[in-house]
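Colleague: Structure incoming, see below.
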Amino acid sequence: MERRVRHLPRTPVIKTSLPDGTRLRVAYYHAVTIYDGQAGICPSEPRTVELLADQARRMHATWGAKGYFMSHDEIRVFNWCAACQRRHLDAGAILADNVHTCIRLLREVNPGGHIYVWSDMFDPNHNAHGDYYLVRGDFTGSWEGLDKEVIIVPWYFEKRDASLKWFADRGNPQVIAGYYDAAPERIREWLASAKKVKGVQGVIYTTWEHKYGDLERFAENVTAVKW
């Protein structure tokens, strides 16, 4: 079935006691969608925290897992609405506050559990900087919302040395997201970089194309390297 994410614009109904012909000024915000209709939830609305808390409770009640993976990743639209702007904070500070809140919620439902997060939005070598997509402001400083117990999952192959060192210097453990539907032997280069830093705990076979035919070769390359 075709998925439609756009609709014809409609003129809003304005009710007023002002006479016809009165000139009005209207303020509004555009809920920008990207790709196939993705829309980011507002990090500044109190209702967002309520929804996240409810989801955390229900997920843990269902799975009872030892750890959970936060989905902060490739945030393309950010810091435009009134709820964000009235805080008078830059994008990095708002994201830092949001991830700090998410960490707190997960620890409330799963004390002592592991918490994982993708690397890119907290890495100045990747997406944690200014002039990024449709973001208002600069993501610099977003990493201040992470404490040293959060496990970082780096995935930017081309900047692997810089990214691994960045989080190692901050004291975070790391689990490498390898493969990415490329040659399974490429994990050897990740592991060579991992030897240069402390705190790399493991690797993940990461496929976005549901390609699991290379899983065995990937595992063979991981076990063949001493790191």
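Colleague: Scanning for something of a type in the set (Asp, Glu) and either assigned to a helix (DSSP H, G or I) or touching a strand residue (DSSP E or B) at 6+ places or on another chain (Cβ under 8 Å) (or both), does segment 44-52 turn up at least one residue? Talk me through it step by step, then tell me what you get.
Modeller: Here is the first cut: in segment 44-52, the ones of a type in the set (Asp, Glu) are 45, 50.
Of the ones still in play, those that are also either assigned to a helix (DSSP H, G or I) or touching a strand residue (DSSP E or B) at 6+ places or on another chain (Cβ under 8 Å) (or both) are 50.
Within segment 44-52, one or more residues are of a type in the set (Asp, Glu) and either assigned to a helix (DSSP H, G or I) or touching a strand residue (DSSP E or B) at 6+ places or on another chain (Cβ under 8 Å) (or both).
Colleague: Restricting the search to segment 53-68, which residues are part of a helix (DSSP H, G or I) and either open to solvent by 80 Å² or more (accessible area, probe 1.4 Å) or more than 19 Å from Leu146 (Cβ to Cβ) (or both)? Quick ask: steps written out before the conclusion?
Modeller: First pass over segment 53-68, keeping only residues part of a helix (DSSP H, G or I): 53-63.
Result: Ala53, Asp54, Gln55, Arg57, Arg58, Met59, His60, Ala61, Thr62, Trp63.
Colleague: Go through segment 217-227 and give me each residue that's touching a Pro at 6+ places or on another chain (Cβ under 6 Å) and open to solvent by 20 Å² or more (accessible area, probe 1.4 Å).
Modeller: Answer for segment 217-227, where residues must be touching a Pro at 6+ places or on another chain (Cβ under 6 Å) and open to solvent by 20 Å² or more (accessible area, probe 1.4 Å): just Arg217.
Colleague: Open to solvent by less than 70 Å² (accessible area, probe 1.4 Å), out of contact with any Leu (no Cβ under 9 Å at 6 or more places or on another chain), polar (S, T, N, Q) and modelled with pLDDT of 95 or more: which single residue out of Thr48, Thr22, Thr33 fits that description? Spell out the reasoning first.
Modeller: Working: Thr22 fails: modelled with pLDDT of 95 or more; Thr33 fails: modelled with pLDDT of 95 or more.
Being open to solvent by less than 70 Å² (accessible area, probe 1.4 Å), out of contact with any Leu (no Cβ under 9 Å at 6 or more places or on another chain), polar (S, T, N, Q) and modelled with pLDDT of 95 or more holds for just one of Thr48, Thr22, Thr33, which is Thr48.
Colleague: Anything in segment 124-141 that is touching a Phe, Trp or Tyr at 6+ places or on another chain (Cβ under 9 Å), open to solvent by less than 30 Å² (accessible area, probe 1.4 Å) and either closer than 18 Å to Leu105 by Cα or in a loop (DSSP other than H, G, I, E, B) (or both)? List them, or say none.
Modeller: If the condition is that a residue be touching a Phe, Trp or Tyr at 6+ places or on another chain (Cβ under 9 Å), open to solvent by less than 30 Å² (accessible area, probe 1.4 Å) and either closer than 18 Å to Leu105 by Cα or in a loop (DSSP other than H, G, I, E, B) (or both), then His126, Asn127, Ala128, Gly130, Tyr132, Phe139 are the ones that fit.
Colleague: Among the residues of segment 204-216, what is the count of those that are touching a helix residue (DSSP H, G or I) at 6+ places or on another chain (Cβ under 9 Å) and either open to solvent by 40 Å² or more (accessible area, probe 1.4 Å) or in a helix (DSSP H, G or I) (or both)?
Modeller: Counting residues in segment 204-216 that are touching a helix residue (DSSP H, G or I) at 6+ places or on another chain (Cβ under 9 Å) and either open to solvent by 40 Å² or more (accessible area, probe 1.4 Å) or in a helix (DSSP H, G or I) (or both) gives 2.
Colleague: For segment 199-206, check the following and say yes or no: at least one residue is of a type outside the set (A, V, I, L, M) and more than 22 Å from the chain's Cα centre (by Cα).
Modeller: no
Colleague: A further question on this structure: Conditions first: (1) in a strand (DSSP E or B); (2) surrounded by 18 or more Cβ atoms within 10 Å (Cβ to Cβ); (3) of a type in the set (S, T, N, Q). Gln201 passes all but one, so which condition is the exception?
Modeller: Status for Gln201: all satisfied but (2).
For every residue, the table says whether it meets (1) over 14 Å from Gly199 (Cα atoms); (2) open to solvent by 20 Å² or more (accessible area, probe 1.4 Å); (3) part of a strand (DSSP E or B).
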site: Glu144; (1), (2), (3): yes, yes, no
site: Ile152; (1), (2), (3): no, no, yes
site: Arg160; (1), (2), (3): yes, yes, no
site: Ala168; (1), (2), (3): no, yes, no
site: Asn172; (1), (2), (3): no, no, no
site: Asp181; (1), (2), (3): yes, yes, no
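Colleague: Something else: Restricting to segment 183-198, and then to whatever is among the aliphatic types (A, V, I, L, M) and not in a helix (DSSP H, G or I), can you tell me which residue is most open to solvent (accessible area, probe 1.4 Å)?
Modeller: Ranking the qualifying residues of segment 183-198, first place goes to Ala183.
Colleague: Determine the pairs where a residue that is in contact (Cβ under 8 Å) with a residue 60 or more places away in the chain, located within segment 75-104, has a partner that is of a type in the set (S, T, N, Q) with Cβ atoms under 8 Å apart, the partner being 6 or more residues away or on another chain.
Modeller: Ile75/Asn127
Colleague: Cβ-Cβ distance below 7 Å, separation of 6 or more or different chains: which pairs start in segment 30-59 with a residue that is under 22 Å from Glu108 (Cβ atoms) and end on one that is among the charged types (D, E, K, R)?
Modeller: Ser44/Arg87
Colleague: Residue by residue through segment 69-86, note down the ones that are closer than 23 Å to Ala177 by Cβ and either part of a helix (DSSP H, G or I) or open to solvent by less than 40 Å² (accessible area, probe 1.4 Å) (or both).
Modeller: Correct list: Met70, His72, Ile75, Arg76, Phe78.
Colleague: Taking Leu134 as the residue in question, decide whether it is modelled with pLDDT under 95 and within 26 Å of Asp97 (Cβ to Cβ).
Modeller: yes
The values are calculated or read from the model by the stated rules, or taken from the named source; none is laboratory data. Every value quoted in this text rests on a predicted model; they were computed, and no experiment measured them. Neighbour counts are summed over all protein chains in view; Cβ atoms, including those assigned to glycine, are modelled from backbone coordinates with ideal geometry. Please note that ligands, DNA and RNA were not included when accessible areas were found on the heavy atoms of the full protein model with its side chains. Shrake-Rupley method; radii C 1.70, N 1.55, O 1.52, S 1.80 Å.
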